[in-house]
Amino acid sequence: MISNMTRNPAANARRRFLRDCAGAAIAANAIGCAHWARAAADAPAAASAGAMAQGQPSRTAQGAAMLRAAHQLIDTPRVFEDALALNIIGAEAQAALRQNLARYAERASLRAYVALRSRYSEDQLALAVQRGVSQYVVLGAGLDTFAYRNPHAALRVFEVDHPATQRWKRQRLADAGIAPPRALTFAPVDFETQTLGAGLRAAGFDAARPAFFSMLGVAIYITQPALMSTLSQVAALAPGSEIVFSYAVHDALLNAQQRAARAQAASRVAALGEPWISYYDPAALEAQGAKLGFTQVATLTAQNANERYFKGRADGLRVSGSSRLLRARV
């Protein structure tokens, strides 16, 4: 019998990239919520088996981009404004999204979470820029569009991802007529042949200056030691450096309905070759961050997020489920 990993080289490559990147303080895109696997499955078929080898990202990476685009079409007011979210997914994906908008409309909590994590990360980045941070590293950038919307004149952005994914993204940008700004540096890192440090140094990253990192939707895919390795390397950077990352809580902290939804979604994502493997206790994770040397560690819960970003909405859009966002500053 041929294993799922063997049949799906795209997922295999993406999973290997996640694992290897995390061990060297980098990661890629994906999220752990109910319905996530459905969004991934709805991504264009070109991102299925063999896609990574052809220079395209996995279905889970495209699934996140599709949900960001859906948020722009469905939700008013928007929690996360991204004027490029539709253009970046391409004409074919845009058409598929518009034809299936009702299906995406049903995924309100997941769509809200995808919007939230980008909004929260960019809000914290803006505060970091106000403190004088001038470097932003997007770990596993995928189809993230911040660099092309960057409102901070002095901020240099480094997009780190697998070389095949970056080649595909750069072609997508060209097709959409989106010019990479001068403040952006692509940092392709192939962990078969190089390290993250080498990749960032080659891109001109200055480790002596504080930097902001985002690592969204990764912790669920990697081992706990790999996450701690990632955090410890960020903690060793210049004072003022900061990271925002998302994670999922233990099953024991979920109700029966949430556990059932997780089990269903986890089964579907595993079938794509990208299984969820790690869950965390929020208090313990914050304590570990402090031990690593972060001076400020705080978790954004669903309750906090709904109060801050979703309060008073007529459409009832809000986040729920098992995911959290953690902010840690050196």
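Derivation of every value follows stated rules applied to the coordinates shown; laboratory data play no part. In this text, all values refer to a predicted model and were calculated from it rather than measured experimentally. All Cβ positions, even for glycine, are placed from backbone atoms using ideal geometry, and neighbour counts span all protein chains on display.
Efficiency by 1/(1 + (r/R0)^6): what FRET value for Ala236 and Ala105, r their Cβ-Cβ distance, R0 = 45 Å, to the nearest 0.05? Result of the calculation: an efficiency of 0.50.
Counting DSSP beta bridges in the range 124-265, what percent are antiparallel, to the nearest 5? Antiparallel bridges: around 0 percent, rounded to the nearest 5. Taking a ≥ b ≥ c as the square roots of the eigenvalues of the alpha carbon gyration tensor, the range 120-253 is rounded, as a/c is under 1.5. Taking packing as the residue-averaged number of other Cβ atoms within 10 angstrom, the listed peptides 201-212, 171-182, 80-91 run from highest to lowest as 80-91, 201-212, 171-182. With the simple model of a label 7 Å out from the Cα in the direction of the Cβ, Gln130 to Gln264 spans 4.2 nm.
Count the net charge of all other residues whose Cβ sits under 14 Å from the Cβ of Thr295, scoring Lys and Arg as +1 and Asp and Glu as -1. Spell out each step's value before the answer.
On the way: positive: Arg131, Lys291, Arg327, Arg329; negative: Glu242, Glu286.
Surrounding charge for Thr295 is +2.
What you get for the range 200-330, charging only the Cβ of Lys and Arg (+1) and of Asp and Glu (-1), is a dipole of about 200 debye around the Cα centre. Put simply, the amide H of Phe212, placed in the peptide plane, has neighbours under 5 Å in Gln135, Tyr136, Val137, Glu242, leaving out anything fewer than 5 places away on its chain. Placing dummy labels 7 Å off each Cα toward the beta-carbon, the span from Thr223 to Thr295 is 3.3 nm. Other residues with beta-carbon under 9 Å from the beta-carbon of Asp75 carry, at +1 per Lys or Arg and -1 per Asp or Glu, a net charge of +2.
Classified by the C-alpha gyration tensor, the range 195-316 has a prolate form. Its axis ratio a/c, with a ≥ b ≥ c, is 1.5 or above, and a/b is larger than b/c. Other residues with beta-carbon under 12 Å from the beta-carbon of Leu237 carry, at +1 per Lys or Arg and -1 per Asp or Glu, a net charge of 0. With each label modelled as a point 7 angstrom along the Cα→C-beta vector, the Gln257-Ala176 pair spans 3.5 nm.
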